[in-house]
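Heads up: the structure comes next, in structure tokens.
Every number here is computed from the coordinates shown, using simple stated rules; none is lab data. All values derive from a computational prediction rather than experimental measurement. Positions of Cβ are generated from backbone atoms using ideal geometry, with glycine treated the same way; all protein chains shown enter the neighbour counts.
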Amino acid sequence: MKNLIVLFSIFISIFLSGNAIAGNKAKIVVSTVTQKDSTISFTLISSKPFYMGGSRYILHIGDKEFKLSKQKVNKGTGVITFFISVNDFNGLPDGSNIYLTYGHLTDDTQNSEELSSKTSGKYWSLGKFSKTMLTK
Amino acid sequence: MSIKNALSSFILCVIVFICFNTFQAFAQTPDPGLPGPYTVARAEYNLGALAYKPADFPDSVEVRGSVHYPTDLSAGPFPVLVFLHGRHETCYDTTDPSNISQDWPCSGTYAPITSFNGYDYLAKTMASHGYIVISISCNAINAGDDTVSDGGMQARAELMQHHLDLWNKYNTVGGAPFDTMFVGKLDMNNIGTMGHSRGGEGVVFHALYNKLLGSPYGIKAVLTLAPVNFSRKVLHQIPLMNIAPYCDGDVSDLEGVHFYDDARYTDSTDETPKYSVLFMGANHNFFNTVWTPGSYIAGGADDWEYFFSDTDPQCGPDNPANKRFDTTTEKAAFNAYAAAFFRMYIGHETAFAPILQVNNITPPASSKLDSSQVFVSYHPGHTDRFDINRIDKLACDTINTIDGKVTETGLLLPGICGGGPLLYMYDCEAGLGPDQKPHDGDIYAAGLAQMRLGWSSGADYYQNEVPLPDQDLTSFESLMFRTSVDFPKSTSDSNLDFSIQLIDSAGNISSRNVSNYTNALFHQPGIEPGDLPKIVFNTIRMPLSDFSGIDMTKVRKIKFVFDKSTKGTILISDLALLSKPCGKLNVAFDFAIDSEYKVTFTNTSATNVGDTIAWHWNFEDTLSGANDSSALQNITHSFSGPGTYYPCLYVRSNRKNGVECLDTFCIKLTLSPDAIIEQIKDRITIAPNPAKDYLRITGISKPATLTLINLYGQIVLSATITGSDVYLPQTITTGIYCVAITTPYGKVYKKVLVSR
């Protein structure tokens with residue numbers, strides 16, 4: 001388990017350092033998914049601080065949206081944790097697309113791939129959802 | 001030319017130049033953004049970083065703010081403005097300002113970022129015009145607002161109300177740190193609020209919260225600057241202005257336009273106007289000096305750069321041809337338009353109306369803008385406009401709001417769109433990103449319904465018929481509608497143009513080019529994928545006085561004729577007529593002579609619902625002393641003797657459109673026994689005539705009696721007139737009768753036919 005965490009950390013470091021030369025857009029990945037009492041904390045990290053402005057970061061998993069969050073700055077990088085009820089979490093289908101948007105970027109379709117192409121600056125694809133992401 | 005002649009010519013030129021420019025200056029709307037006559041002082045108050053706990057928020061928050069005020073407070077009380085900044089970094093490391101924090105309270109070497117100081121330039125302008133301007137800090141809410149479902153909006157409302165409570169105390173009994181300096185100096189019933197970003201939705205929540213509490217404070221104007229609009233609350237009965245920056249990188253879907261759109265037709269009693277201003281080169285952050293890179297020690301950011309391309313031709317800072325506002329221009333533009341709004345609705349300076357109401361599209365000089373850089377939408381209060389076609393229902397492409405027929409000929413894809421699935425209206429432009437169509441609805445909330453008009457021939461038209469009862473347009477000042485170029489379906493080489501025609505019942509046509517009145521039919525700039533160009537609606541206003549050669553009392557058709565640009569597509573909404581500034585202020589009164597010189601005047605003036613009305617009577621009867629005038633709505637006046645008088649009623653109406661209207665009605669009144677009976681004779685009416693069962697008698701002074709006499713001189717009926725009706729017994733047969741009415745001043749004779 002310890003080796004896995006080390007490997008994960010190395011991956012994150014490489015991922016984030018690569019971003020420095022990739023361009024302006026922040027690189028964002030899922031960091032941890034943990035549970036405390038009846039709340040799941042779904043944490044993302046970013047190569048630069050999450051923007052603190054008017055719009056909200058919204059975590060989309062499949063067709064569900066999660067808006068309750070808390071963001072922090074950590075030594076020049078960003079951390080944002082979304083709070084999801086256990087009931088909601090258990091209802092999410094494995095294999096769903098996970099993506100983050102800055103702002104309420106929806107239109108008539110709610111199709112994530114189409115939305116991605118229309119909102120490039122404020123859309124981050126974060127892979128597929130699995131309940132096994134939860135670290136007990 | 002000799003030196004003397006040259007000098008003379010030069011002096012003449014200078015004189016001509018000065019005269020010409022003086023004339024121009026008088027002809028122009030005054031500039032609201034220039035400094036006023038008061039010298040200004042500034043102070044801060046800070047009751048602690050955790051001094052207040054909003055009921056609807058998990059954390060305690062700071063109570064801190066600044067105040068700008070006229071140094072000489074002796075002319076108070078002054079109107080009040082309250083500013084609320086938006087969401088931004090909260091703290092910075094004083095040992096290394098490049099380190100910022102999003103927590104609260106600040107700890108260790110970290111100090112608060114003073115976002116509330118970012119609008120000092122506007123506060124200073126307004127204080128110089130005699131306002132007390134309070135700007136409050138909101139860092140604690142910013143640090144925790146995404147942990148609550150409304151994004152901290154109710155907490156912002158409660159914090160604002162807490163500050164107003166505090167200032168109410170400073171205004172009544174005083175308190176630290178100001179002691180009694182502000183006692184009696186604030187007009188807490190005349191307050192304007194401005195909120196930026198999340199503060200924008202915050203001030204809307206606050207206005208609604210203040211109403212919920214019974215309006216302890218008079219919120220008279222609300223300005224939302226680049227606001228979010230998470231909850232889609234709708235504000236009515238308070239003038240509202242939204243400002244949308246085209247290059248906003250943060251709230252890039254310009255969702256504040258919904259504050260305007262949603263308020264238009266959802267309260268049929270709303271007398272107050274809505275405005276939405278589009279700044280073509282403004283971003284989100286440069287309105288606040290603390291958020292502007294390089295003008296504060298920490299935390300500044302260019303929101304456009306953070307999310308979007310540096311090279312966009314409209315908004316990209318690294319594109320040498322970009323059309324962004326520089327930091328100075330952005331603040332100057334906001335300063336001018338915010339000042340116009342507050343000085344009009346808080347200061348009642350109606351001279352600024354043309355800037356806001358699209359009858360002067362030249363921006364004030366202090367804004368540093370030209371007429372291609374700023375556009376305004378204007379929605380008058382309901383008694384100030386007459387809706388021809390609201391374009392708010394699917395059927396509006398065949399039948400308009402006043403039940404007139406709507407026809408289109410030759411148009412491409414005509415129909416209602418954009419309101420979103422909730423209104424069963426399809427997307428106007430499905431290929432665009434959400435940022436590119438700010439007005440549209442989505443799967444969660446309805447948006448702005450729009451009528452698409454695309455043409456490819458000069459014979460194409462769109463027409464609204466005006467039903468007979470509504471064809472008299474003489475009480476209206478302008479025709480207005482909102483529009484935007486539908487850029488995916490239009491070429492970008494030049495502004496679009498078309499004609500508006502008014503057609504009267506005789507078929508006479510008056511036509512005007514739209515391009516004479518607006519620059520709003522431009523092809524929207526920018527290429528940022530998913531964000532630019534954007535479809536944003538702006539108002540076009542055309543004075544009806546420009547439509548000559550037709551009978552304005554019988555206008556049957558309002559016709560858009562696409563005979564200028566060879567092809568193009570626009571989206572329109574809100575086709576309406578704007579009332580003349582004072583609308584229907586029909587001042588009149590009736591009177592009855594109660595006794596020899598005692599007259600009761602009854603006010604019958606018809607003004608617009610919701611206006612504040614003041615009455616003033618003057619009887620031209622100087623011998624009656626103080627009783628010669630009155631401010632009562634109805635009045636009985638005892639004239640001092642026989643003679644001819646000219647009683648007048650002056651009505652002053654403070655219209656909710658900000659315009660003060662004054663109208664007068666006078667009559668000639670002769671008081672002598674003979675004259676009185678003559679006047680009574682003229683004023684007494686008997687109806688119906690022919691009569692069947694009763695006679696209705698009006699205009700008499702009581703006590704009075706009625707005698708009915710037949711053609712043989714026989715009295716067939718005698719009655720005392722108690723109400724207005726005298727019933728005829730069945731014994732009175734068909735025939736002509738003489739009616740004698742006896743009043744305190746003598747007898748009046750009338751003729752009446754009874755028909756059984």
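Between B:N319 and B:Q730, what is the spin-label point distance in nm, taking each point 7 Å from the Cα along the Cα→C-beta axis?
Inter-label distance under the simple model: 9.2 nm.
Across 20 Å bins from the origin, how do the percents of Cα pairs in the protein assembly as shown run, short distances first?
13, 37, 30, 15, 6, 1, 0
So how compact is region B:175-297: Cα radius of gyration and Dmax in angstrom?
Expressed in Å, the Cα Rg and Dmax of region B:175-297 come to 16.3, 49.
Rounded to the nearest 500 deg cm²/dmol, what is the calculated helix-only ellipticity per residue at 222 nm for chain B, with -39500 (n - 2.57) per DSSP H run of length n ≥ 4? Walk me through the intermediate numbers first.
Values: 10 runs with 121 residues, N = 756.
-5000 deg cm²/dmol, from helical runs alone.
Could you calculate the contour length gain from B:A395 to B:N513, that is, 0.36 nm times the residue separation minus the distance between their Cα atoms, to one decimal place in nm?
On the way: separation 118, 0.36 × 118 = 42.48 nm, distance 2.79 nm.
Result for the pair: 39.7 nm of gain on full extension.
Taking 0.36 nm per residue of separation and subtracting the Cα-Cα distance, what length does fully extending B:L623 through B:I527 add? Can you show the working numbers first?
Numbers: separation 96, 0.36 × 96 = 34.56 nm, distance 7.80 nm.
Once the chain is fully extended between B:L623 and B:I527, it gains 26.8 nm.
If I take R0 = 56 Å and measure r between the Cβ atoms of B:K598 and B:A75 in this structure, what FRET efficiency does the formula 1/(1 + (r/R0)^6) give, to the nearest 0.05? Could the numbers behind the result be given before it?
Values: r = 45 Å, r/R0 = 0.80.
Working from the Cβ atoms, E equals 0.80.
Consider a paramagnetic label point 7 Å from the Cα of B:N168 along Cα→Cβ; state which residues of region B:182-214 have an amide N under 17 Å from it.
Of the residues in region B:182-214, B:183-193, B:206-214 have backbone N under 17 Å from the label point off B:N168.
Taking Rh as the Kirkwood radius computed over C-alpha pairs, what is the Stokes-Einstein D of chain B at 37 °C in a medium of viscosity 0.692 mPa s, expressed in µm² per second?
Working: Rh = 29.9 Å.
Answer from the Stokes-Einstein relation: 110 µm²/s.
Stokes-Einstein D for region B:116-177 at 4 °C, 1.567 mPa s, Kirkwood Rh over Cα pairs, in µm²/s? Could the numbers behind the result be given before it?
Values: Rh = 13.5 Å.
Using the Kirkwood radius from Cα pairs, D works out to 96 µm²/s.
Count, for each residue of B:141-148, the Cβ atoms from other chains sitting within 10 Å of its Cβ, then give me the mean as a whole number. Write out the running numbers ahead of the final one.
Details: counts 0, 2, 4, 1, 2, 12, 6, 2.
Mean partner-chain Cβ count within 10 Å for B:141-148: 4.
Once Lys and Arg get +1 and Asp and Glu get -1 on their Cβ, which of A:M133, A:V29, A:F89 lies farthest toward the positive end of the dipole of region A:25-133?
Comparing the listed Cα positions along the dipole, A:V29 ranks first.
What percentages make up the Cα-Cα pair-distance distribution of region B:53-115 when the bins are 10 Å wide from 0?
Cα pair-distance distribution for region B:53-115, in percent: 17, 35, 26, 18, 4.
Please order B:E678, B:E201 by the number of other Cβ within 10 Å, starting at the fewest.
On the way: B:E678 15, B:E201 30.
Ascending Cβ contact count within 10 Å gives the list B:E678, B:E201.
Go ahead and run the numbers for FRET between B:T409 and B:I443, Cβ-Cβ distance against an R0 of 51 Å, rounding to 0.05.
Values: r = 35 Å, r/R0 = 0.68.
That pair, B:T409 with B:I443, gives E of 0.90.
How shielded is B:220-231 by partner chains, expressed as the average number of their Cβ atoms within 10 Å of its Cβ atoms? Please report the intermediate quantities before stating the final value.
On the way: counts 0, 0, 0, 0, 0, 0, 2, 1, 6, 2, 5, 0.
Taking all residues of B:220-231 together, the mean is 1.
For the pairs B:K233/B:K489; B:K233/B:K331; B:K185/B:K211; A:K25/A:K64; A:K122/B:K124; A:K27/B:K124, flag any whose C-alpha to C-alpha distance is greater than 30 Å. Intermediate values should be presented prior to the final figure.
Values: B:K233/B:K489 33 Å; B:K233/B:K331 28 Å; B:K185/B:K211 23 Å; A:K25/A:K64 25 Å; A:K122/B:K124 36 Å; A:K27/B:K124 42 Å.
In this structure, B:K233/B:K489; A:K122/B:K124; A:K27/B:K124 exceed 30 Å between Cα atoms.
Roughly how crowded by other chains is peptide B:368-374, in terms of the mean Cβ count from those chains within 10 Å of each of its Cβ atoms? Write down the numbers at each step before the final one.
Numbers: counts 0, 0, 0, 0, 0, 0, 0.
That works out to 0 on average.
What ranking do B:425-431, B:179-185, A:91-97, B:153-159 get when scored by the average of other Cβ atoms within 10 Å per residue, highest first? Could you put the intermediate results ahead of the total?
Values: B:425-431: 18.3, B:179-185: 15.3, A:91-97: 13.3, B:153-159: 26.3.
With the highest mean Cβ count within 10 Å placed first, the list reads B:153-159, B:425-431, B:179-185, A:91-97.
Taking only complete DSSP H runs, can you tell me which helices of chain B stretch 18 Å or more along their own long axis by Cα positions and average at least -0.5 on the Kyte-Doolittle scale? Could the numbers behind the result be given before it?
Numbers: long enough: B:3-27 (35 Å, 1.67); B:153-172 (28 Å, -1.00); B:198-212 (21 Å, -0.03); B:327-345 (27 Å, 0.05).
Qualifying helices, which must be both long enough and hydrophobic enough, are B:3-27, B:198-212, B:327-345.
I need the P(r) histogram for region B:611-756: all alpha carbon pairs, bin width 10 Å from 0 out to the longest distance, whole percents.
10, 30, 24, 19, 14, 3, 0
Using the 10 angstrom Cβ neighbour count as an exposure proxy, how do B:I732, B:I416 rank, fewest first? If you can, show how the numbers build up before the last one.
Working: B:I732 16, B:I416 23.
Ascending number of Cβ neighbours within 10 Å: B:I732, B:I416.
Report Rg(Cα)/(2.2 N^0.38 Å) for region B:356-406, keeping two decimals.
Numbers: Rg = 16.0 Å, N = 51, 2.2 N^0.38 = 9.8 Å.
Working it through for region B:356-406, the quotient is 1.64.
Looking at the calculated P(r) for region A:25-133, what percent of the C-alpha pair distances fall above 18 Å?
Numbers: 2675 of 5886 pairs.
The answer is 45 percent, as a whole percent.
If you wrap a convex hull around the Cα atoms of region B:313-413, how much volume per residue is inside, in Å³? All intermediate terms of the calculation are to be shown ahead of the outcome.
Numbers: hull volume 18.0 nm³, N = 101.
For region B:313-413, the hull spanned by Cα atoms encloses 178 Å³ per residue.
Give me B:I709, B:I297 sorted ascending by neighbouring Cβ count inside 10 Å, so fewest comes first. Don't jump to the answer; show the numbers that get you there.
Values: B:I709 16, B:I297 13.
Final ranking by Cβ density, sparse to dense: B:I297, B:I709.
Put a dot 7 Å past each Cα toward the Cβ at B:Q714 and B:L47; how far apart are the dots in nm?
With each label point 7 Å from Cα toward Cβ, the separation is 9.1 nm.
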